[in-house]
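**Q** This is the structure I have questions about; it appears just below.
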Amino acid sequence: MDEGKNTRGRGRPPKKLDPPTDALGRFANHVRSGRAIAGLKQTELADRVGCTPGSLSQIERGILRPSPALATALDQALGCHGLLLSLFRDAQEEKDRKTADRIGRSHDPTTGALSTELTPADLHLEPGDVSLWVADITIPDGTLMAPGERFTKIWRVRNGGSVHWEDRYIKRMGPLGGSSQVATPSLTPIPDTAPGELCDIAVECKAHVLPGSSQANFKMSDAHGRLYYPNTTPEGVLLAITVVEGLTSRSAADRSRDVRGL
């Protein structure tokens, strides 16, 4: 090979994209990075999932929103173990919230249906509505887990104000899980709690399959996902685990011992 020959342009790295600023952008970024990790060309991945290379290019740039079927096919083709589906649902929920905000209505995050009740994106905090964290009851931060292990995370909080809590939920913030993220439901009911009383909030969880640490944040909301304390306790309550390859899933008895005394 002639060492003096100009080879610029060959093997040129892909153009860097701006960091994602919304949920659809995060989905697009993970599709693009997942394809790179898998060593697939756009034409190869497009052929596997049944779309055109042009459509895939638009999806990877956050221009085109895929159908649920295509998002599922991409998740399976790239071996994302649900991460892309979680990001896709997050993007869809964000779209529904924006639509609801434009017309001043709330929406159901499960069905996507718009209600007839005119309401802001987040709830106005009533005077005297106070939530106080008390303790982790199960799964202290950093608990070691086997890949895919199922467990129940319980936090104890106190209704520290004068407002009776009714029909409230704990909401997972961000993606609902993936190959390197603990998986949880989007919304979990919170027991009705009178002022001054303690409340145990239990969320069913599944550890991610790839070794490493992950954390998830949760905040109190209503059935539509609107936050009760949007500008206070910004991180909400935290779940943090570490998955260790080769670790055996614990029995129910072992999990019951993984409780902090109060």
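**Q** Expected output is a single nm value to one decimal: the length gained when fully extending between residue 41 and residue 215, i.e. 0.36 nm times separation in residues minus the C-alpha distance. What is it?
**A** Here the answer is 59.4 nm.
**Q** Let me ask something else about it. Determine one quarter of the surface area of the Cα convex hull of the stretch 134-218, which equals its mean projected area, and express it in nm² to one decimal.
**A** 5.4 nm²
**Q** Still on this structure, please answer the following. How much solvent-accessible surface does residue 242 expose, in Å² to the nearest 10, with a 1.4 Å probe and all protein chains in place?
**A** Residue 242 exposes around 40 Å² with every protein chain in place.
**Q** Using 1/(1 + (r/R0)^6) with R0 = 30 angstrom and r between the beta carbons of residue 134 and residue 167, what's the FRET efficiency to the nearest 0.05?
**A** Efficiency computed from Cβ-Cβ geometry: 0.90.
**Q** Rank by packing, highest mean first: peptides 173-185, 68-80, with packing defined as the count of other Cβ atoms within 10 Å averaged across residues.
**A** 173-185, 68-80
**Q** May I pose another question? Ordering 228, 169 from largest to smallest accessible area (1.4 angstrom probe), what's the sequence? Don't jump to the answer; show the numbers that get you there.
**A** Numbers: 228 35, 169 60 Å².
Largest accessible area first, the list is 169, 228.
**Q** Another question, if that's okay. Whole number in Å², please: accessible area per residue of the stretch 141-194, 1.4 Å probe, ligands, DNA and RNA not counted. If you can, show how the numbers build up before the last one.
**A** Values: 2090 Å² over 54 residues.
Computed with neighbouring chains in place, this is 39 Å² per residue.
**Q** Along Cα→Cβ, 7 Å out, is where each label goes; now give me the distance between the ones at residue 65 and residue 249 in nm to one decimal.
**A** If labels sit at residue 65 and residue 249, their model points lie 3.6 nm apart.
**Q** Using only Cα atoms, locate the centre of the stretch 58-96 and the centre of the stretch 181-219, then give the distance between them in Å, rounded to an integer.
**A** 24 Å
**Q** Multiply the residue separation of residue 206 and residue 52 by 0.36 nm, subtract the distance between their alpha-carbon atoms, and state the gained length in nm to one decimal. Working shown, then result.
**A** Values: separation 154, 0.36 × 154 = 55.44 nm, distance 3.47 nm.
Extra length available between residue 206 and residue 52 comes to 52.0 nm.
The values are calculated or read from the model by the stated rules, or taken from the named source; none is laboratory data. Given the structure is predicted, the values throughout are model-derived calculations rather than measurements. Cβ atoms come from the backbone with ideal geometry, glycine included; neighbour counts cover every protein chain shown. Quick note on the areas: whole protein, heavy atoms, side chains included, nothing else; ligands and nucleic acids left out. Shrake-Rupley method; radii C 1.70, N 1.55, O 1.52, S 1.80 Å.
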